[in-house]
Structure formats: C-alpha cells, structure tokens
C-alpha cells in the first residue's frame, strides 16, 4: 500500500510543479477592454488601480489555490488575474498564463506600474502570474496560502521574476 501512495504523491507533485498556473488551453490573446465604462477603474490611474487591487485582496484574501478554479471555492493564478481584470478594470483577459503574457506589451522592471501583470518562472516555463500593486508588492494566488500579497523583494520571487506586461 505504501509504494502506491508514494507513486500517487509523486505524480501529483510532478503535475503541480510542471503545470503550475498556466495549464489551461488558450484561444484569443487579445484582451477585450471597456475603458471609461462606469464602475471600472482606468488602468492609467495608478492610485485608483492600487486602491481597487487592495479592495480585491480584501474581498478574496485567503481563498485557496485550486488548479483550474475560478471562484471562491478556489482559483489558480491566471484565473484570479482574469477575474480581477474583468471585475475591476472591465478588461477580458485570456484564461491562461501564456496567453495573458501575450495580452499586452512587455515593460522593463524599473517601469512597472500598478496593474501590470508580473510573470515568474516557477517551473520549467513561466507558470505564475500576479498583478503589481506598487511599492514592490504584487497580488496573486499562492499554492500554499491562497490569495495574498507578496513582495518582489522576497528572495524566492526576485529570483523567479521573468517579465512584466502592461495590458493594452
């Protein structure tokens, strides 16, 4: 019985490590935007974007990680960024990490502003995405703690940071 359990645990760990947050297939990488629509925050207003993201964190803090999830029962990183951009900014991002990476233009690390997507190499490929808050912090879904805020200054994240993308 023990060898069978060990094989199952190893398989699950391998799938999570290789799959990460970017496992879902993607279709269209061009985001649909609704700028200026009442109720949505304009991505160009850094202070308003930060406030909207902090409110999103307040409402979703601690919701657990669940691969493929998109609701309060659990969500993955790209599901959370998709949901947040739709709810807060009126932007329809693609569902998976690799398609979200193509949904805007790359910006240098010194030029990132609140609302930019941050991508991290957490496996073989870029498999994790979060949203920049400003002050070297980002909002994301952690496999261990669910929806949370982390620091780009943290050694784990600073070593894995890959790129930032500004959604058009």
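The values are calculated or read from the model by the stated rules, or taken from the named source; none is laboratory data. Predicted model, so just to flag it, every value in this text is computed and none were measured. Please note: Cβ atoms are built from the backbone with ideal geometry, for glycine as well, and neighbour counts cover all protein chains shown.
Of everything listed in (1) in contact with a strand residue (DSSP E or B) (Cβ under 8 Å, 6 or more places away or on another chain); (2) surrounded by fewer than 24 Cβ atoms within 10 Å (Cβ to Cβ); (3) closer than 19 Å to residue 43 by Cβ, the single unmet condition for residue 135 is (1). With respect to residue 150, is the statement that it is closer than 16 Å to residue 65 by Cβ, assigned to a strand (DSSP E or B), in contact with a strand residue (DSSP E or B) (Cβ under 7 Å, 6 or more places away or on another chain) and at pLDDT 95 or above true? So residue 150 fits the description; yes.
Could you list all residues from the range 67-94 that are part of a strand (DSSP E or B) and buried (at least 24 other Cβ atoms within 10 Å of the Cβ)? Selection gives 75 alone. For the range 102-110, does any single residue satisfy the condition of being at pLDDT below 95, surrounded by 16 or more Cβ atoms within 10 Å (Cβ to Cβ) and part of a strand (DSSP E or B)? No, because not a single residue in the range 102-110 is at pLDDT below 95, surrounded by 16 or more Cβ atoms within 10 Å (Cβ to Cβ) and part of a strand (DSSP E or B). Among the residues here, residue 158 does not qualify as part of a strand (DSSP E or B), free of Cβ contacts under 8 Å to residues at least 60 places away in the same chain and over 12 Å from the mean Cα position of the chain (by Cα).
Yes or no, residue by residue, for (1) modelled with pLDDT of 95 or more; (2) more than 17 Å from residue 157 (Cβ to Cβ); (3) in contact with a helix residue (DSSP H, G or I) (Cβ under 8 Å, 6 or more places away or on another chain):
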position: 58; (1), (2), (3): yes, yes, no
position: 71; (1), (2), (3): yes, yes, no
position: 80; (1), (2), (3): yes, no, yes
position: 84; (1), (2), (3): yes, yes, yes
position: 118; (1), (2), (3): yes, no, no
position: 130; (1), (2), (3): yes, no, yes
